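Coordinate-derived values only; no laboratory data. Model, not experiment: these values are computed from the prediction. Cβ coordinates were reconstructed from backbone atoms using ideal geometry, including for glycine residues, and neighbour counts include every protein chain displayed.
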Ligand SMILES: [Cu+2]
């Protein structure tokens, strides 16, 4: 029973976050808490983050992304190259059934190039994510302050608790 109580406590702890959750569902995919960092005036690149969940038994693959405010949008990851963290483009981001892909600063992210306007704090950034099975999922990322580490003033991306598959609420 201890485990049940513990998971119950987790649920209560996370309830306030989930209550203000911005979640988008299509097919077996749920995109939760999408956000981006505000960009300074002249910047033409930006990055967006989110938790992407796939239903049990319904693995999917993120294959593309686009936004009306960006000329080009890519899926990026970070990797070590000769001791230096570098980001590079990836063609696909697989999401295992019943698990989450957590896109966050210094990890996998959605990269926006040729921004037509700066990303303004407090505004919403429309992005279309394209999945192999779920198809197009239109989301709106909240634009947080330039140094933000997570959405809604949080200091991490929700869902990044090292227990993917347990956070099914
Ligand atoms: Cu990048």
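Per-structure values
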item	result
Spacing of the two label points (7 Å from each Cα toward its C-beta) at residue 25 and residue 90, in nm	2.6
Rounded to 5, percent antiparallel among DSSP beta bridges of the range 22-153	95
Modelled FRET efficiency - R0 35 Å, residue 155 with residue 128, Cβ distances, 0.05 increments	0.80
Chain lengthening between residue 64 and residue 45 when straightened (0.36 nm per residue, less Cα-Cα)	5.1 nm
The range 100-161, relative contact order [Cα under 8 Å, separation at least 6], %	30
Whole-Å distance, taken between Cα centres, linking the range 25-83 and the range 108-128	10
Gyration tensor verdict on the range 41-147 (Cα atoms; rounded if a/c is under 1.5, prolate if a/b is larger than b/c, oblate otherwise)	oblate
